[in-house]
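Comments concern the structure below.
No lab work stands behind these numbers, since they all come straight from the coordinates. Since the model is a prediction, treat every value here as computed from it, not as a measurement. FYI the Cβ positions are ideal-geometry reconstructions off the backbone, even for glycines, and counts take in every protein chain you see.
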Amino acid sequence: MIARILLVEDEPSIADVVEFALTSEGFQVAWRTLVCEAEVEWAAAPFDLLILDLGLPDGSGLELLKRLRRNSELPVLILSARNAELDRVLGLELGADDYVTKPFSPRELAARVKAILKRTARLAPVLDDASVAPQVSDTWFQIDEVRAAIRFQNHLLDLTRYEYLILKTLLAQPERVFSRAQLMDQVWPDPAASFERSVDTHIKTLRAKLRDVDTMLDPIRTHRGLGYSVRVRHGS
Ligand code: CA
């Protein structure tokens with residue numbers, strides 16, 4: 001199936017480059033220049049990815065991303081002339097999947113788009129509570145890799161992609177302490193472009209979701225200055 005990409009960018013010369021780079025890879029690209037147009041567009045038609053400029057004539061791309069994330073997991077790649085660390089961190093914390101700084105190489109952009117789509121396609125199947133195959137296990141967690149789902153105390157967790165990948169990585173080796181850098185290597189498509197603080201943010205939301213299921217267990221442990229590990233049963 002051909003992936004459909006929504007490009008929100010107000011500079012025509014840049015939009016041309018992006019459009020050319022992506023259509024020559026076989027993607028379909030819809031180009032819009034305004035925040036308000038983008039919101040109409042994604043409400044009207046399903047897209048596989050959003051490429052988002054931050055400085056737009058009628059508003060901020062970050063605000064747009066914040067509104068989108070209230071009810072959508074649509075993968076987002078930020079394309080910005082601003083290379084400020086704050087924008088980058090904020091973008092990733094607001095749920096962007098990657099951040100590319102202008103000027104960029106069209107081939108690199110296409111490669112990053114493909115990497116995001118590949119990763120999200122793998123995790124895309126809609127999670128249906130009843131569809132998770134029960135696994136016999138004496139631990140608090142069950143992973144269903146095919147459906148990218150994790151149960152905790154027999155409750156299906158409603159996880160974002162990053163939370164899922166972080167928890168899956170921790171669960172692969174219970175009790176092992178993973179540094180933030182190791183978690184980023186496992187989870188982020190391009191760890192160099194992300195920040196270790198993002199790991200903390202996702203761990204925080206993950207903990208809150210586990211606490212919703214069981215207020216007492218708190219299975220994720222913080223090892224100060226080292227990283228995180230997970231316990232999977234009592235007495236460990
Ligand atoms: Ca702009």
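What ranking do 214-226, 142-154 get when scored by the average of other Cβ atoms within 10 Å per residue, highest first? Numbers along the way, then the final one.
On the way: 214-226: 11.5, 142-154: 16.8.
Result, highest mean first: 142-154, 214-226.
Residue separation times 0.36 nm, minus the C-alpha to C-alpha distance between Ala121 and Glu37: what's the value? Working shown, then result.
Working: separation 84, 0.36 × 84 = 30.24 nm, distance 2.60 nm.
Stretched out fully, the Ala121 to Glu37 stretch lengthens by 27.6 nm.
Just report the Cα centroid separation between the stretch 200-236 and the stretch 1-59, whole Å.
One Cα centre to the other: 38 Å.
Between Ala172 and Glu93, what's the calculated FRET efficiency when r is the beta-carbon distance and R0 is 25 Å? Round to 0.05. If you can, show how the numbers build up before the last one.
Working: r = 25 Å, r/R0 = 1.00.
Computed FRET efficiency for Ala172 and Glu93: 0.50.
For the stretch 141-230, max minus min Cα coordinate along each principal axis, in Å, sorted largest first?
35, 30, 21
So for the chain, averaging the separation of alpha carbon pairs under 8 Å that are six or more residues apart and normalising by length, what relative contact order in percent results?
Working: 335 pairs, mean separation 32.6, N = 236.
Reported relative contact order: 14 percent.
For the stretch 1-64, what log10 I(q)/I(0) values come out of the Debye formula at q = 0.28 1/Å, with one point per alpha carbon and no solvent?
-1.25
How large is the Rg to Rh ratio of the chain when both quantities use alpha carbon positions and Rh follows Kirkwood? Let's see the in-between values first.
Details: Rg = 19.0 Å, Rh = 19.0 Å.
Here Rg/Rh amounts to 1.00.
What aspartates and glutamates does Lys118 reach when the alpha-carbon gap must be under 16 Å and sequence neighbours fewer than 8 apart in one chain are set aside?
Excluding near neighbours in sequence, the set is Glu25, Asp48, Glu73, Asp97, Asp98, Glu108, Glu145, Asp190.
Mean projection of the alpha-carbon convex hull of the stretch 4-123 over all orientations, in nm²? If you can, show how the numbers build up before the last one.
Details: hull surface 26.6 nm².
If you wrap the Cα atoms of the stretch 4-123 in a convex hull and average its projections, you get 6.6 nm².
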